[in-house]
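Here the structure is laid out as structure tokens; the discussion comes afterwards.
The values are calculated or read from the model by the stated rules, or taken from the named source; none is laboratory data. Nothing here was measured: the structure is a model prediction, and the numbers come from that model. Positions of Cβ are backbone-derived with ideal geometry, glycine not excepted, and every protein chain shown enters the neighbour counts. These accessible areas exclude ligands, DNA and RNA; they are computed on the full protein's heavy atoms, side chains included. Shrake-Rupley method; radii C 1.70, N 1.55, O 1.52, S 1.80 Å.
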Amino acid sequence: MNYFYLDASAWVKRYHTESGSDLINIIFQKTIGFQRIITSLWSLGETFATLNRNKNRFNIPEEDFNKIAFALFTDCENLHLLPLSDNQLFKAIIFRIKDMDAFFFEALISLSSELIKVTEWLIDTKVSFNSRTALR
């Protein structure tokens, strides 16, 4: 079975229907109970911040936002958190890594050679929230 690395843009697709959301939902359906989804606390934090920004920007009702946040935390039961060491953080600062994907790649190498990265490169879309945010 494959591993799937989800960055913040992929996570947002889980809670907002847009191009690529179907693929993300299939990944979740196929990996329930197997902890084959890999992410980092940084990606989860960025996801929550993006969802919160869009809640404010598009006046998503607090009740709807709370359902989305609860879904995010519930989905965290089905993932493997990518360990990020102090040394990796230090290297990111020293080498001025601007693309977080490059930063995470170093940590991913130790997990498996069979990783599939689900990001904006596979799903070419922009996040666009509206008041009809899909809730799952």
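Looking only at residues in region 51-96 that are basic (Lys, Arg) and assigned to a helix (DSSP H, G or I), the one that is surrounded by the most Cβ atoms within 10 Å (Cβ to Cβ) is LYS55.
Total residues in region 62-84 satisfying the condition of being more than 19 Å from the chain's Cα centre (by Cα) and free of Cβ contacts under 8 Å to residues at least 12 places away in the same chain: the figure is 2. How about region 25-50: which of its residues are open to solvent by less than 30 Å² (accessible area, probe 1.4 Å) and over 26 Å from GLN88 (Cβ atoms)? Once the filter is applied, which keeps residues that are open to solvent by less than 30 Å² (accessible area, probe 1.4 Å) and over 26 Å from GLN88 (Cβ atoms), region 25-50 yields ASN25, PHE28.
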